[in-house]
Amino acid sequence: MIAVSLAMDAAAVSLGVGTTEHAVSLRPKLRLAFHFGLFQFLMPLVGWLAGSTIAPRIATFDDWVTFVLLAFVGARMIRSGLSPHIVSYRTDPSRGASLVLLSVATSLDALAVGVSLALQRVAIWYPAAVIGVVTATISFAGLLVGNSLSETFGKRMEIVGGAILIVIGLQILLIH
């Protein structure tokens, strides 16, 4: 259940990216899904290693960083969906800095889960592996669904995808 809940941010981002022209072929889909899964695997490890010493510092800003990154990407997608001349991702989000930013933004909550698991003295390798595999799988499915919706509804899906990202960012702020 933890793995599925942690994968929801990556699924929403994948759905949004799937509505763009950058994630049509198999290669960028695999790259995005792999990196989302990899970061979701690595962040609990880092959180577990950091343990309780860094937990108070993470708790004060991780939700805001996640919100700002998701809102920025979401706003760009909405702007692109509203204007036929604007592209939400000028560069391929499955490459370079965009890929790293999206991967970090969707995996910050996994860092906190790693800290929680350390405080509960839970062995980390198995949970981290499950979180990574589940995230990669759900992300890939989100990309496929985004592609399908984009083919059916066109640029309007970029508006929906952007709104989903902003709502998830707001939800993270409100819950935490």
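The values are calculated or read from the model by the stated rules, or taken from the named source; none is laboratory data. If you're wondering where the values come from, they're calculated on a predicted model, not measured in any experiment. For neighbour counting, all protein chains shown are included, and Cβ atoms are generated from backbone atoms with ideal geometry for every residue, glycine included.
Ile58 falls short on exactly one of the conditions (1) modelled with pLDDT under 85; (2) within 15 Å of the chain's Cα centre (by Cα), and that condition is (2). Each residue in region 18-32 was checked for being surrounded by fewer than 14 Cβ atoms within 10 Å (Cβ to Cβ) and outside any helix (DSSP H, G or I), and 1 of them qualify.
Might you let me know whether region 115-132 holds any residue that is over 25 Å from Leu30 (Cβ atoms), of a type in the set (D, E, K, R) and modelled with pLDDT under 80? Within region 115-132 (the criterion being over 25 Å from Leu30 (Cβ atoms), of a type in the set (D, E, K, R) and modelled with pLDDT under 80), the answer is yes, since at least one residue qualifies.
For region 94-117, the set of residues classified as surrounded by fewer than 19 Cβ atoms within 10 Å (Cβ to Cβ) and among the aliphatic types (A, V, I, L, M) consists of Ala97, Val100, Leu101, Val104, listed by residue number. Within the set Ser5, Ser52, the sole residue that is surrounded by fewer than 22 Cβ atoms within 10 Å (Cβ to Cβ), polar (S, T, N, Q), at pLDDT 70 or above and part of a helix (DSSP H, G or I) turns out to be Ser5. Considering only residues that are surrounded by 15 or more Cβ atoms within 10 Å (Cβ to Cβ), among the aliphatic types (A, V, I, L, M) and modelled with pLDDT of 70 or more, look in region 66-93 and name the one that is nearest to Leu49 (Cα to Cα). Top of the filtered list is Ala71.
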